[in-house]
């Protein structure tokens with residue numbers, strides 16, 4: 001698989017199909033993977049692919065990275081879940097299909113808690129998204145690398161994130177409030193959740209607007225709550241559950257629960273799941289006169 | 001002197017019962033963090049390094065420095081005057097304590113920041129030599145080690161039995177031991193555990209890095225983009241770093257009253273250097289990352305003769321894209 | 001909670017329907033609870049979820065968002081878009097533990113002065129039962 005990936009990348013760079021291949025490589029000690037930008041054909045040997053390749057590299061496709069775009073057409077190594085984000089970027093008019101070359105990787109799952117990795121992919125070290133993945137074989141790619149994976153996701157979504165959502169839904173409002181305040185109070189406003197998200201591509205985030213100021217930048221519970229609510233809201237009907245925000249959070253706020261809850265609302269209310277078809281409009285861009293309004297009294 | 005493990009609880013009681021604050025490592029959501037505790041039961045002593053540095057007890061992430069309110073005649077302004085309590089930082093790591101002189105250098109340089117100095121005057125730092133570490137520790141590479149007493153008032157070494165050999169480093173440490181002498185015992189025959197010495201990374205030469213960085217032409221070197229293009233611009237590294245000290249002053253107010261707050265800021269944010277005109281001198285992410293690296297290994301040591309990086313490795317552990325500062329150090333050490 | 005405590009309710013309403021409806025209630029000399037503070041917007045489509053958060057931050061005990069009935073929007077589709085947004089935001093607020101009794105959505109047309117009166121009376125009673133929103137106000 002890696003051989004094929006490297007050969008493909010080299011060929012793409014040699015025949016100038018792309019100016020840069022964004023992929024994964026090892027860190028110095030070969031314990032973790034890290035994004036790499038390959039611009040010279042001979043450097044294609046640095047590319048790797050394995051279950052430690054968790055990053056969603058589609059973040060580098062956004063307008064936040066003019067220096068990456070300046071390298072030429074971008075070839076991107078992407079798992080199915082990463083491609084879902086690329087699809088959203090296309091649906092929202094952020095990138096054109098022809099501006100990128102997708103090297104789709106078939107995938108059997110990634111490792112969420114990498115300190116538990118012992119060289120073998122086991123269900124208990126995989127994130128919830130992998131247990132319910134229906135894009136292990138890339139659904140949109142210029143070339144697909146790796147053997148076809150046969151996997152049927154369970155009928156009803158399973159995993160710790162869904163268990164927690166059900167648990168929270170069973171709580172009283174004050175218990176829910178306490179649960180979230182406990183987590184949000186740890187927030188240090190580093191904005192890693194925003195920066196790592198390929199769908200948070202605004203050039204000026206609402207939290208950076210200070211005339212007038214909308215969200216308090218102070219890392220106190222009130223400012224933290226406002227920030228976390230608005231971050232989740234701005235991803236409503238867009239988030240693909242790639243899980244990058246929670247992985248990036250240095251204080252372990254369970255953002256997946258929040259995002260996935262809203263994804264379930266979008267599914268239930270608009271029968272929409274993001275990241276599958278670039279031709280389908282995101283739900284908040286359009287409307288249906290028959291949308292439910294049982295809550296509007 | 002010996003501090004028995006069982007006696008730590010008593011020490012917490014003694015400090016907190018007289019109005020003092022006792023900060024120690026505790027477990028919160030699968031992470032060990034420094035936190036002000038109420039009882040010694042909470043302390044976790046099986047840890048490599050807490051997620052946060054203890055700088056937040058000297059330089060809080062959010063601090064009110066003034067209050068204002070509107071009245072008919074104008075504006076009432078109230079300056080905040082702080083009288084911090086005696087604070088004990090227990091279980092600090094030698095890398096973290098070594099950051100204290102660096103923080104002091106900044107906050108007492110051209111202006112004495114009393115919000116910092118008053119807290120620092122009341123703080124007693126008790127560090128414990130590391131008996132465990134991980135791949136990301138690199139203190140030995142920047143000239144420190146688990147044996148370093150720099151910045152500590154009292155230095156502890158764990159014994160085979162799990163007790164601690166006590167060594168006072170400063171006058172403040174000696175006073176502390178005297179004040180709470182009932183919890184300390186005379187030393188018997190004890191054997192201390194071996195310290196964890198991170199392997200020194202051969203390819204790194206801090207002096208050489210400094211030399212390369214101070215050459216003006218290297219500021220625009222293509223190496224920066226190559227080494228740091230993957231940075232996504234979150235502030236996780238700066239907020240967990242024990243020596244990062246940048247802050248922003250914000251007025252956060254309602255209609256009639258509000259507060260002027262001093263909040264941590266990060267040079268990794270695109271907003272950090274954005275001019276009112278719309279021009280941003282650090283217009284791409286790798287330039288912001290370059291600034292952080294320059295700050296640690298060039299500006300800081302040149303200006304203050306204290307270290308900018310203590311090798312704790314937090315920035316490596318928290319980085320979502322695994323931008324390893326030691327790999328950049330290695331890359332630059334190779335340059336002429 | 002003291003006997004005399006009165007809730008503060010913020011109403012974000014659209015200019016063309018609900019504001020006119022409330023105005024009609026006033027010019028018709030209809031009486032209703034004085035607990036509501038009205039902010040007028042061109043359209044419900046303009047009402048950002050942040051406004052609601054800001055209202056709670058600034059001491060509102062309850063919030064009402066109201067505009068034209070579907071099909072009546074002055075700008076044709078503003079309320080349809082708003083409705084989709086509310087579906088997400090209401091679920092989000094409930095999920096983090098904000099009591100449903102504190103956040104209300106409604107359609108009130110320019111002629112529905114009576115509906116406006118009933119709505120405000122009902123919401124005021126409901127929020128009064130819940131008491132002051134101290135959980136939010138205590139956040140610092």
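The values are calculated or read from the model by the stated rules, or taken from the named source; none is laboratory data. Note that the coordinates shown come from a computational prediction; the quantities given were computed from them, not determined experimentally. With ideal geometry, Cβ positions are generated from the backbone for all residues, glycine too; neighbour counts draw on all protein chains shown.
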Selected residue [within 20 Å of the chain's Cα centre (by Cα) and assigned by TED's automatic domain parsing to the domain that holds residue A:238] from A:125, A:165: A:165
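Do the conditions hold for residue A:145, that is, is it more than 20 Å from the chain's Cα centre (by Cα), under 30 Å from residue A:49 (Cβ atoms) and either surrounded by 21 or more Cβ atoms within 10 Å (Cβ to Cβ) or at pLDDT 90 or above (or both)?
Details: more than 20 Å from the chain's Cα centre (by Cα): yes; under 30 Å from residue A:49 (Cβ atoms): yes; either surrounded by 21 or more Cβ atoms within 10 Å (Cβ to Cβ) or at pLDDT 90 or above (or both): yes.
Judged against the criteria, residue A:145 is a match.
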Breaking point among (1) within 26 Å of residue B:24 (Cβ to Cβ); (2) out of contact with any strand residue (DSSP E or B) (no Cβ under 7 Å at 6 or more places or on another chain); (3) free of Cβ contacts under 8 Å to residues at least 60 places away in the same chain, for residue B:107: (3)
Unmet requirement for residue A:253, which otherwise passes all of (1) surrounded by fewer than 23 Cβ atoms within 10 Å (Cβ to Cβ); (2) in a loop (DSSP other than H, G, I, E, B); (3) facing another protein chain (nearest Cβ under 9 Å): (1)
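Can you name the strands (runs of 3 or more DSSP E) wholly within the stretch B:44-134 that have at least 3 residues being over 23 Å from residue B:175 (Cβ atoms)?
Working: elements: B:62-71, B:74-79, B:87-92, B:123-128.
Answer list for the stretch B:44-134: B:62-71, B:74-79.
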Selection count where residues are more than 15 Å from residue B:206 (Cβ to Cβ) and away from chain A (no Cβ under 11 Å), scope the stretch B:313-335: 1
Residue within the stretch B:12-25 that is closer than 22 Å to residue B:239 by Cβ, free of Cβ contacts under 8 Å to residues at least 24 places away in the same chain and buried (at least 18 other Cβ atoms within 10 Å of the Cβ) present: no
Number of the condition not met by residue A:130 [criteria: (1) within 15 Å of the chain's Cα centre (by Cα); (2) within 12 Å of chain B (Cβ to nearest Cβ); (3) part of a helix (DSSP H, G or I)]: (2)
Cross-chain or 6+ apart pairs with Cβ under 8 Å, the stretch B:225-240 first and at positive phi, then crowded, with 23+ Cβ neighbours inside 10 Å and part of a loop (DSSP other than H, G, I, E, B): B:233/B:268
Residue match in the stretch A:223-246 (condition: touching a residue at least 40 places away in the same chain (Cβ under 8 Å), in a loop (DSSP other than H, G, I, E, B) and more than 16 Å from the chain's Cα centre (by Cα)): no
Which numbered condition residue A:161 fails, given (1) farther than 23 Å from residue C:49 by Cα; (2) surrounded by fewer than 19 Cβ atoms within 10 Å (Cβ to Cβ); (3) within 14 Å of chain C (Cβ to nearest Cβ): (2)
Residue tally, condition under 27 Å from residue A:123 (Cα atoms), without any contact (Cβ under 8 Å) to a residue 12 or more places away in the chain and not in a loop (DSSP other than H, G, I, E, B), over the stretch A:158-178: 4
Hits in the stretch B:264-292 (condition: more than 10 Å from every other protein chain (Cβ to nearest Cβ), over 21 Å from residue A:206 (Cβ atoms) and not in a loop (DSSP other than H, G, I, E, B)): B:289, B:290, B:291, B:292
Meets criteria (free of Cβ contacts under 8 Å to residues at least 40 places away in the same chain, away from chain B (no Cβ under 14 Å), in contact with a helix residue (DSSP H, G or I) (Cβ under 7 Å, 6 or more places away or on another chain) and surrounded by fewer than 19 Cβ atoms within 10 Å (Cβ to Cβ)) for residue A:293: yes
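Does residue C:32 meet the test of being farther than 18 Å from residue A:234 by Cα and part of a helix (DSSP H, G or I)? Outline the logic, then answer.
On the way: farther than 18 Å from residue A:234 by Cα: yes; part of a helix (DSSP H, G or I): no.
Answer is no for this residue.
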Residue, nearest to residue A:230 (Cα to Cα), within the stretch C:87-106, restricted to residues that are part of a helix (DSSP H, G or I), more than 7 Å from chain A (Cβ to nearest Cβ) and within 15 Å of the chain's Cα centre (by Cα): C:93
Search result, residues across the stretch A:196-210 that are within 8 Å of another protein chain (Cβ to nearest Cβ) and at pLDDT 95 or above: A:196
Where a residue in the stretch B:199-211 is more than 14 Å from residue B:294 (Cβ to Cβ) and its partner, wherever it lies, is outside any helix (DSSP H, G or I), with Cβ under 8 Å and at least six apart: B:201/B:138; B:203/B:334
Flag for residue C:57 being facing another protein chain (nearest Cβ under 8 Å), surrounded by fewer than 23 Cβ atoms within 10 Å (Cβ to Cβ), over 26 Å from residue A:270 (Cβ atoms) and touching a residue at least 24 places away in the same chain (Cβ under 8 Å): yes
Selected residue (only one of A:194, A:136, A:186 is part of a loop (DSSP other than H, G, I, E, B), closer than 25 Å to residue A:76 by Cα and either in contact (Cβ under 8 Å) with a residue 40 or more places away in the chain or out of contact with any strand residue (DSSP E or B) (no Cβ under 6 Å at 6 or more places or on another chain) (or both)): A:136
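Provide a single number: the residues in the stretch A:107-125 that are part of a loop (DSSP other than H, G, I, E, B), surrounded by fewer than 19 Cβ atoms within 10 Å (Cβ to Cβ) and in contact (Cβ under 8 Å) with a residue 24 or more places away in the chain. Full working, then the answer.
Initial filter on the stretch A:107-125 (part of a loop (DSSP other than H, G, I, E, B)): A:107-113, A:117-122.
Filter once more, keeping what is surrounded by fewer than 19 Cβ atoms within 10 Å (Cβ to Cβ): A:108, A:113, A:117-122.
Adding the requirement that they be in contact (Cβ under 8 Å) with a residue 24 or more places away in the chain leaves A:108, A:117, A:121.
Qualifying residue count, the stretch A:107-125: 3.
On the basis of being loosely packed, with under 14 Cβ neighbours inside 10 Å and assigned by TED's automatic domain parsing to the domain that holds residue A:21, does residue A:91 make the cut? Please lay out each step first, then the result.
Numbers: loosely packed, with under 14 Cβ neighbours inside 10 Å: no; assigned by TED's automatic domain parsing to the domain that holds residue A:21: yes.
Spelling it out, it is not the case that residue A:91 is loosely packed, with under 14 Cβ neighbours inside 10 Å and assigned by TED's automatic domain parsing to the domain that holds residue A:21.
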The stretch A:257-287, residues that are assigned to a loop (DSSP other than H, G, I, E, B), buried (at least 18 other Cβ atoms within 10 Å of the Cβ) and within 10 Å of chain C (Cβ to nearest Cβ): A:283, A:284, A:287
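Only residues that are under 21 Å from residue B:259 (Cβ atoms) and in contact with a helix residue (DSSP H, G or I) (Cβ under 8 Å, 6 or more places away or on another chain): list them for the stretch B:81-97, please. Please lay out each step first, then the result.
Narrowing the stretch B:81-97 to residues under 21 Å from residue B:259 (Cβ atoms): B:81-84.
If the condition is that a residue be under 21 Å from residue B:259 (Cβ atoms) and in contact with a helix residue (DSSP H, G or I) (Cβ under 8 Å, 6 or more places away or on another chain), then B:82, B:83, B:84 are the ones that fit.
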